[in-house]
Structure formats: C-alpha cells, structure tokens
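Asks: Would you mind keeping the following structure in view while I ask a few things?
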Amino acid sequence: MDPPLSRLGRLQARLVAKRFKKVKIDKIYSSPLSRARQTAGIIARGLRLKVAVKKDLKEVMLGAW
C-alpha cells in the first residue's frame, strides 16, 4: 500500500520545514513512496530546495529482528 499523507502529516511537514530553516541543509532525499515524497516536497518548498527521489530508500521487509 502507498497511502497519501494525511492532513496532520501535511501540517507536521510544514512545521518541520519551519524548524529546519535554522539548519543548513543542502539536499533532501526521499523514497519514491507517496507519503515520503509528499513530506519531502513540503519541507523542500519551505526551504527552497529540490527533492532527490531515490528508489533505494524504499522500505524493505527484513522480518523479525
């Protein structure tokens, strides 16, 4: 499943972007999954950055640890 970001998730992403304005960030990477891309996109817009989507960042099931 690849559900979209909820209203609360969008709010939280905007708050993260606001908080990160005080931190030097050069690049934002994201998984190709919908919620990750949406979160990264909201944060990136707030910081005027672009998102680099990396398929290697997708979740993988590693079983019970």
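Asks: Starting from residues that are at pLDDT 95 or above and hydrophobic (A, V, I, L, M, F, W, C), keep the ones in segment 2-12 and report whichever is surrounded by the most Cβ atoms within 10 Å (Cβ to Cβ).
Replies: Among residues in segment 2-12 that are at pLDDT 95 or above and hydrophobic (A, V, I, L, M, F, W, C), the one surrounded by the most Cβ atoms within 10 Å (Cβ to Cβ) is 11.
Asks: So the check is Cβ under 9 Å with 6+ separation or different chains; which pairs have a first residue in segment 26-45 that's closer than 14 Å to residue 14 by Cα and a second one that's surrounded by fewer than 18 Cβ atoms within 10 Å (Cβ to Cβ) and aromatic (Phe, Trp, Tyr)?
Replies: Here the result reads 40/29; 43/20, each pair linking segment 26-45 to a residue that is surrounded by fewer than 18 Cβ atoms within 10 Å (Cβ to Cβ) and aromatic (Phe, Trp, Tyr).
Asks: Just the residues that are charged (D, E, K, R) and in a helix (DSSP H, G or I), please, taken from segment 1-44. Give the steps one after another, and end with the answer.
Replies: Filtering segment 1-44 down to residues charged (D, E, K, R) leaves 2, 7, 10, 14, 18-19, 21-22, 24, 26-27, 35, 37.
Hits for segment 1-44 are 7, 10, 14, 18, 19, 35, 37.
Asks: Scan segment 45-55 for residues that are in a helix (DSSP H, G or I) and surrounded by 12 or more Cβ atoms within 10 Å (Cβ to Cβ) and jot them down. Let's see the steps before the verdict.
Replies: In the first step, residues of segment 45-55 are kept if they are in a helix (DSSP H, G or I); the result is 45-47, 55.
The answer is 45, 46, 47.
Asks: Criterion first (open to solvent by less than 100 Å² (accessible area, probe 1.4 Å), without any contact (Cβ under 8 Å) to a residue 24 or more places away in the chain and among the β-branched types (Val, Ile, Thr)) does residue 23 satisfy it? Before you say what the answer is, go through the steps one by one.
Replies: Numbers: open to solvent by less than 100 Å² (accessible area, probe 1.4 Å): yes; without any contact (Cβ under 8 Å) to a residue 24 or more places away in the chain: yes; among the β-branched types (Val, Ile, Thr): yes.
Taking the combined requirement at face value, the residue satisfies it.
The values are calculated or read from the model by the stated rules, or taken from the named source; none is laboratory data. Everything numeric here is computed off the predicted structure, so don't read it as measured data. Methodologically, a virtual Cβ is constructed for each residue, glycine included, from the backbone with ideal geometry; neighbour enumeration extends over all protein chains shown. Remember, those area values only see protein heavy atoms, side chains included, never the ligands or the DNA or RNA. Shrake-Rupley method; radii C 1.70, N 1.55, O 1.52, S 1.80 Å.
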